[in-house]
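Following: one structure in structure tokens, then a few remarks.
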Amino acid sequence: SQGLKILGTPLGHDDYIRTHMQELAADHRILLNRIPEIEDLQAAWLLLSYCAASRANFYLRILSPAHSRSFATTHDANIWECMCRILNIEPDQDNDSSHLISQLPFRLGGLGLRSAIRTAIPASWASWVDSVQML
């Protein structure tokens with residue numbers, strides 16, 4: 001109601017986009033709940049790092065940062081919780097610095113889990129810049 005999906009992208013009223021993004025976050029949550037059940041730590045880590053963490057990028061590029069903000073916040077929290085479950089640590093026991101370090105690139109000593117919240121604005125602008133040539 002009050003919107004439509006074109007190639008998986010929700011367009012229309014803010015409530016329609018918000019509802020679609022909440023459903024998408026719930027869909028992503030299914031994968032993130034199953035990853036820690038994998039017994040091989042390396043396989044679980046690779047699935048988290050290369051598959052689950054990057055699933056938000058398409059929506060961060062397509063939607064404005066205002067529309068993707070709550071989705072990005074939920075995505076980051078779910079990725080962090082999944083990583084804690086893989087490593088068998090409680091998310092409550094961590095401090096803020098370990099969460100920030102996990103989002104640093106490998107070359108800087110981090111774990112390479114990009115923050116969707118920090119990526120949303122640059123991804124949206126990069127999408128516009130890529131589109132300008134066609135317009």
Treating only the Cβ of Lys, Arg, Asp and Glu as charged (+1, +1, -1, -1), what charge dipole size does the chain show about its Cα centre? Round to the nearest 20 debye. 480 debye
Spacing of the two label points (7 Å from each Cα toward its C-beta) at E39 and A26, in nm: 3.3 nm
On the accessible surface of the range 3-135, probed at 1.4 Å, how many percent belong to carbon and sulfur atoms? 58 percent
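Expressed in nm to one decimal, what extension gain is obtained for the pair T19 and N57 from 0.36 nm per residue of sequence separation less their Cα-Cα distance?
In short, 11.8 nm is gained.
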Which whole-number value in Å² is the accessible area per residue of the range 60-135, probe 1.4 Å? 64 Å²
Work out which helices of the chain, taken as complete DSSP H runs, extend at least 15 Å along their axis over the Cα atoms and score a mean Kyte-Doolittle of 0.0 or more, then list them. 116-132
Given the chain, report the % of alpha carbon pairs whose separation exceeds 22 Å. 42 percent
From the helices alone, meaning DSSP H stretches of at least four residues, give me the mean residue ellipticity at 222 nm for the chain, per-run term -39500 (n - 2.57), in deg cm²/dmol to the nearest 500. -18500 deg cm²/dmol
Residue among P65, S54, I86 farthest towards the positive dipole end of the chain, charges placed on Cβ: P65
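The values are calculated or read from the model by the stated rules, or taken from the named source; none is laboratory data. Quick caveat, the model's predicted, so the values are computed rather than measured. Note that each Cβ is placed from the backbone with ideal geometry, even for glycine, and that neighbours are counted across all protein chains shown. Side chains are part of the model used for accessible areas, which takes the heavy atoms of the whole protein and leaves out ligands, DNA and RNA. Shrake-Rupley method; radii C 1.70, N 1.55, O 1.52, S 1.80 Å.
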